[in-house]
Amino acid sequence: MKFRVYGVVSAVMALLGMAVCWTAQAAPPKVVILMIGDGMGFNQVLATDYYQHGAAGKQPYEAPEFVRLAVSTYPAGGAYDPKAAWSEPNYINRGTTDSAAAATALSTGVKTKNGQLGLGPNGERLETMTDFMHAHGRAVGLVTTVPITHATPAGFAVHQMSRGNYTEIAKEMLLESPVQVVMGGGHPDFDDDGKPNAEPDEADRYQYVGGKATWETFGDPANKAWKRIQEPAEFKALAEKASGSERILGVIRSYSTSQIGRAGHDDNVRDDAPYETPRRTDVPTLAEMSLGAINALKSGDGFFLMVEGGAIDWAGHKQTFGRMVEEVIDFDDAIAAVIDWVNREGNWDNTLLVITADHETGRLSGPDGAREVENAGKGVLPKGGYLTKGHTNSLVPLFARGQGTEILKKYADEQDPVRGPYLDNTEISKAIRDLWN
Ligand SMILES: [Zn+2]
């Protein structure tokens, strides 16, 4: 009896304590959307502005409502020295992160070794953004233009020592994690041109979707765990109309990426004009996938959505300037669609939108290595090009709007002589989590 009275008293006190907290602080955000241009540095954005508009600063996220900062990206054990970055010729070519360590930093707030996902430098299990958001009652969606199990989406949901363990990553993401929406490439039946996949080895063909047996369970109508969509019309329908609360697995008709692997491009020609070969129409745009994911997530108590423009990086590794610009435009269109959705149906007072990159790829520069690409007018690729085939340790841009931008600004307490105030990639994750403290 005595015990029961004590229990009631402590429950009442706990409720009072919570009430005090609630009145003292703003409620946490209902919606957090993090959009990552993989490999998208300052010059990738500038080049796209010049190509599309013939002028800088024209993207929807470059509007005055958005906070603009820079972000350091180095992995565990690394550093970014702002002076050296602008004075030592090859400083930024060294100590670079890969997408796995960068995604882990953005997801968990902890730096790790390259190649690792959701695990710290010593293999310790970290709380991913999916773990965190699920614990706080938010549904989680992950959308990308590259395989669903590639490093960036994977770093938000799984715990794996190697980013190359695609089959294990798929199983953890789809069969163990609470992620509600997953969309991207990795389709075993199609190549990157939408033709039948000629890859004979089954282990490789089905790697991105968890192996053949796992993939086949998603096609079974008796599988109530996931609703699988694949056709462009299915993506379009979801982008236009809210779905129920079912989990959506959207795998586009591409083995790896949606557009840059399509035919019509000679890898020896670095500066093919964008759209010289028409884009594929048998796969959804990133904007359609992003709106589809929002429609599949919005019926609950709020959500976290990560959207990746994944092939900006792939085009950088191939040094194909024109196809990189296409990919940034696809990413920018997705951002515009998300902004439009918040304006129409959401509320900037309880929504945080962050647009950033995991690292820069290719050291894109102006003519003769100049700091900025040079405007050649609307509809023309700017002058300049890539200086490496790898990643760089350069700062990357960040644009943010909505609830929590003040916290991001507070974390940006370091100063770069060219890019201005910057924060570390781990601090993006910390700033998001602070909104719940
Ligand atoms: Zn890369």
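Using the alpha-carbon positions of segment 43-175, Rg (one decimal) and Dmax (whole number) come out as 17.3, 49 Å. Gyration tensor over the Cα atoms of segment 192-266: the corresponding equivalent ellipsoid has semi-axes (square roots of 5 times the eigenvalues, largest first) of 24, 19, 8 Å.
Rounded to whole numbers, the Karplus 3J(HN,Hα) couplings from phi for segment 157-167 are 9, 10, 10, 9, 6, 9, 5, x, 7, 4, 5 Hz, using 6.51 cos²θ - 1.76 cosθ + 1.60 with θ = phi - 60°, and x at Gly and Pro.
More than 27 angstrom separation, counting every C-alpha pair in segment 217-367; what % is that? Can you show the working numbers first?
On the way: 3555 of 11325 pairs.
Cα-Cα pairs of segment 217-367 separated by over 27 Å account for 31 percent.
Listed values for segment 111-122 are Karplus-derived 3J(HN,Hα) couplings in whole Hz (6.51 cos²θ - 1.76 cosθ + 1.60, θ = phi - 60°), namely 6, 9, 7, 4, x, 9, 10, x, 10, x, x, 9, and x replaces Gly and Pro. Counting only lysines at least 8 places from LYS30 when in the same chain, those with an alpha carbon closer than 30 Å to its own are LYS58, LYS111, LYS171, LYS224, LYS227, LYS236, LYS241, LYS298, LYS409, LYS410, LYS430.
With the biggest extent put first, the Cα atoms of the chain measure 82, 54, 45 Å across the principal axes.
Screening the chain for whole DSSP H helices of 15 Å or more along their axis (Cα) with average Kyte-Doolittle hydropathy at least -1.0 returns 2-24, 42-53, 286-297, 321-345.
Binning the C-alpha pair distances of segment 113-173 at 5 Å intervals from 0 yields a P(r) profile of 4, 21, 28, 26, 15, 6, 0 %, listed from the shortest bin outward. Accessible surface calculations at 1.4 Å, restricted to protein heavy atoms, place the chain at 40 Å² per residue. Pick from ARG371, ARG363, ARG247 the residue whose mean-square fluctuation is largest in a GNM of the chain, springs joining Cα atoms under 10 Å. With Cα springs under 10 Å in the chain, the top fluctuation among ARG371, ARG363, ARG247 is at ARG371. Among THR320, THR96, THR281, the largest mean-square fluctuation in a Gaussian network model of the chain, built with springs joining Cα atoms closer than 10 Å, belongs to THR281.
Dipole of segment 31-434, Cα-centred, from +1 at each Lys and Arg C-beta and -1 at each Asp and Glu C-beta, to the nearest 20 debye?
Details: 39 positive and 57 negative charges, 84 e Å.
With Lys and Arg at +1 and Asp and Glu at -1, about 400 debye.
For segment 308-358 versus segment 68-126, the inter-centroid distance based on Cα atoms is 21 Å.
For segment 306-437, the fraction of 1.4 Å probe accessible surface lying on carbon and sulfur atoms is 44 percent.
The values are calculated or read from the model by the stated rules, or taken from the named source; none is laboratory data. None of the values given here were measured: they were computed from a predicted structure. No Cβ is skipped: glycine too gets one built from the backbone with ideal geometry, and neighbour counts run over all protein chains shown. Protein only, heavy atoms only, side chains kept; ligands, DNA and RNA dropped before computing areas. Shrake-Rupley method; radii C 1.70, N 1.55, O 1.52, S 1.80 Å.
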